[in-house]
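To keep things clear, I will list the structure first and then write my remarks on it.
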Amino acid sequence: MDAPSGFRHPGGGPRRGRGRQAHGPQNPQLFQDTSTVPQHPQGGYEQPPGPGYGPPPQQYAGGYGSPPAPGYSGSPEQHYMGQQLFQDPMAGMAMQYGTSLAGQGKDLVQKNIEKYVSTSKVKDYFDVDTVYVCKKLGLLVFPFTHTEWSVRYQEPVTPRMDINVPDLYIPVMAFVTYILTAGVALGIQNRFTPEQLGIQSSSALVWLIIEMLVIWLSLYITNVQSDIKYLDLVAFCGYKYVGMILSLVAGLIFHSGGYYFALLWSSLTLAFFLVRTLKMKILAQPDGYSQGSGSKSALYMLVFIALVQPLFMWWLTSHIMFVKAPIVNLSGGPY
């Protein structure tokens with residue numbers, strides 16, 4: 001009698017099954033297949049890179065690891081080398097020494113300049129306003145109606161406080177305007193070149209220096225005691241550029257007749273202005289009297305300063321207004 005299927009020997013079927021599995025064609029997998037797992041180039045399987053892996057951080061212009069600053073055109077390596085140079089103690093000491101040396105040189109130059117030319121005093125000569133400039137120009141053009149020629153204040157004052165105080169604003173501006181007017185005159189005559197402006201300015205400046213030296217040497221030789229300062233003398237000698245501008249403009253409009261008339265009028269007015277102004281500075285003696293042993297020499301010096309100005313005015317303007325025609329020989333060519 002057969003036993004029910006549920007009570008059959010439990011080892012028969014399973015033994016055969018285990019035997020078939022043991023001797024079957026499939027073999028157990030000894031290693032895990034990792035071909036389908038994404039790998040990181042250096043840090044392993046899907047793991048963050050460890051310290052020391054990956055490219056080194058870059059040094060930028062804005063700091064370590066920061067992007068370059070706007071406008072920085074160099075490479076990060078060049079800036080890194082420059083930052084290393086600034087961080088070098090020797091380089092820092094060298095820069096500090098150079099900065100201190102430059103500061104000492106600047107202080108030395110300023111001290112030497114202040115020894116001969118005080119910047120504060122020079123600024124006082126440029127302390128002018130529109131009212132002063134207009135009145136002073138009118139006084140230079142027509143000085144015959146002016147009555148009070150002495151300075152009303154005893155202490156040093158700026159030009160805007162008194163019209164009789166000399167200034168440097170009008171001479172400087174007149175000098176620049178004279179150079180530009182000379183350039184216009186040369187351009188109308190088809191003789192203008194860029195080098196002519198430099199020639200005219202340098203020649204006018206050299207003649208002004210020569211004039212100053214001659215006047216100071218004459219004052220020293222004649223032993224004339226005066227309270228005139230060298231900046232005052234520069235201002236008085238620079239007022240002639242106003243008359244030179246008027247002469248050039250009149251010559252451009254009315255040709256030679258207008259030039260000579262304006263030159264004659266400007267020379268007369270400037271001489272009158274200088275005589276009345278310098279009379280209070282040169283003829284006045286330290287003891288308060290205008291007469292003395294040196295009064296005659298002071299009078300000669302006053303006349304010399306007043307008359308030398310028209311000579312310089314003519315010398316610096318005549319070669320601009322009039323051109324010497326070349327002498328033509330019989331063969332047709334100039335000598």
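Converting phi to 3J(HN,Hα) with the Karplus coefficients 6.51, -1.76 and 1.60 and the offset θ = phi - 60°, the stretch 250-263 yields 5, x, 5, 8, 10, 6, 5, x, x, 5, 5, 5, 5, 5 Hz in sequence order, with x at every glycine or proline. Solvent-accessible surface (1.4 Å probe) assigned to Trp216 amounts to roughly 100 Å².
Translational diffusion of the stretch 127-321 was estimated from the Stokes-Einstein equation, with Rh taken as the Kirkwood radius over Cα pairs; at 4 °C and 1.567 mPa s the coefficient is 73 µm²/s. Diffusion coefficient of the stretch 103-226 by Stokes-Einstein, Kirkwood radius over Cα pairs, 25 °C, 0.890 mPa s: 136 µm²/s. Taking θ as phi - 60° and the Karplus parameters 6.51, -1.76 and 1.60, the scalar couplings of the stretch 223-239 work out to 6, 8, 8, 9, 9, 6, 8, 5, 5, 4, 5, 4, 5, 5, 6, x, 5 Hz in sequence order, x denoting glycine and proline.
Beyond 26 Å in Cα-Cα separation lie the following of the pairs Lys106/Lys240; Lys229/Lys279; Lys123/Lys229; Lys106/Lys281; Lys136/Lys296: Lys106/Lys240; Lys106/Lys281; Lys136/Lys296.
The values are calculated or read from the model by the stated rules, or taken from the named source; none is laboratory data. The model shown is predicted, which means the values in this text are computed figures rather than measured ones. With ligands, DNA and RNA removed, areas are computed over all heavy atoms of the protein, side chains included. Shrake-Rupley method; radii C 1.70, N 1.55, O 1.52, S 1.80 Å.
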